[in-house]
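In what follows, a structure is listed as structure tokens, so that the remarks can point back to it.
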Amino acid sequence: MRNYWLLSAGKDGELWPTFWNEKVVAIGWSALGDLRRFESRDKLAKAYRISYPTDRPGQARNGVLQAWSFCNTVQDGELVFVRSHGALIGIGEVQGTYDFLSTSHPLRKKLNSEFFDDDFPHIRRVHWVSLWGGLKRPLAFTKLTVMP
């Protein structure tokens with residue numbers, strides 16, 4: 001079965017131009033480092049609680065699920081729908097596997113959020129199958145960053 005994923009492009013779609021131009025989607029939680037180092041979701045959850053101790057339990061649970069899914073569940077060939085303000089702004093097909101950008105990687109500098117005081121080093125390469133700006137049709141989307 002082919003999954004479809006919904007992602008946010010940062011606050012108010014701030015990262016959308018970089019997503020489009022660089023042919024990537026990305027998520028934050030940079031303090032976790034490379035997500036491939038976690039052998040299980042439980043180990044990721046322990047690291048998450050250490051890295052983000054002020055997150056409420058539900059917030060932490062959602063963050064762990066989203067980070068784990070982005071690294072381990074999203075598959076090559078699946079579709080990602082990028083949203084902002086309840087509008088669908090881009091559709092891309094995942095190309096390849098998860099990657100983590102080192103702090104010296106030039107793309108990481110472009111994936112910085114002024115709103116979250118963080119960058120978005122966890123990426124998936126995509127082939128955009130929608131036009132720039134997408135559909136811009138209001139839909140009732142959840143506020144989660146990554147969801148199937």
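For Leu79, state whether it is of a type in the set (A, V, I, L, M) and farther than 16 Å from Ser8 by Cα.
Values: of a type in the set (A, V, I, L, M): yes; farther than 16 Å from Ser8 by Cα: no.
So Leu79 does not fit the description; no.
Per this entry, His105 is counted among residues that are within 17 Å of Gly33 (Cβ to Cβ), surrounded by fewer than 17 Cβ atoms within 10 Å (Cβ to Cβ) and modelled with pLDDT of 95 or more.
Remark: pairs (first residue in region 72-87, touching a residue at least 12 places away in the same chain (Cβ under 8 Å) and on the phi > 0 side of the Ramachandran plot; second residue surrounded by fewer than 16 Cβ atoms within 10 Å (Cβ to Cβ) and assigned to a strand (DSSP E or B); Cβ separation under 6 Å; 6+ apart in sequence or on different chains) = Gly86/Pro138. Selection of region 108-129 for residues being of a type outside the set (S, T, N, Q), under 15 Å from the mean Cα position of the chain (by Cα) and farther than 22 Å from Phe38 by Cα yields Lys110, Leu111, Phe116, Val126.
Report yes if some residue within region 108-126 is β-branched (Val, Ile, Thr) and part of a loop (DSSP other than H, G, I, E, B); otherwise report no. First the steps, then the outcome.
Kept after step one, since they are β-branched (Val, Ile, Thr), are these residues of region 108-126: 123, 126.
Still in the list and also part of a loop (DSSP other than H, G, I, E, B): none.
No, region 108-126 has no match at all.
Just so you know, in region 10-42 the residues that are among the hydroxyl-bearing types (Ser, Thr, Tyr) and touching a residue at least 12 places away in the same chain (Cβ under 8 Å) include one that is farthest from Leu101 (Cα to Cα), and it is Thr18.
Mind checking which helices (runs of 4 or more DSSP H) fall wholly inside region 1-94 and carry at least 3 residues that are surrounded by fewer than 16 Cβ atoms within 10 Å (Cβ to Cβ)? Write out each step before concluding.
Numbers: elements: 16-22, 41-51, 57-68.
Output list reads 41-51, 57-68.
Scoring Asp99 on the criteria (1) more than 20 Å from Trp16 (Cα to Cα); (2) without any contact (Cβ under 8 Å) to a residue 40 or more places away in the chain leaves a single failure, condition (1).
Do we find that Gln59 is of a type in the set (S, T, N, Q) and touching a residue at least 60 places away in the same chain (Cβ under 8 Å) in this structure? Walk me through it before giving the result.
Values: of a type in the set (S, T, N, Q): yes; touching a residue at least 60 places away in the same chain (Cβ under 8 Å): no.
For Gln59, the condition - of a type in the set (S, T, N, Q) and touching a residue at least 60 places away in the same chain (Cβ under 8 Å) - is not met.
Residue-level check: of (1) under 23 Å from Arg125 (Cα atoms); (2) touching a helix residue (DSSP H, G or I) at 6+ places or on another chain (Cβ under 7 Å); (3) among the charged types (D, E, K, R), Glu78 misses just (2). Within region 95-107, the set of residues being over 15 Å from the mean Cα position of the chain (by Cα) and in a strand (DSSP E or B) is empty.
The values are calculated or read from the model by the stated rules, or taken from the named source; none is laboratory data. This is a predicted model, so every value here is computed, not measured. Don't worry about glycine lacking a Cβ; one is built from the backbone with ideal geometry, like all the others, and counts go over all protein chains shown.
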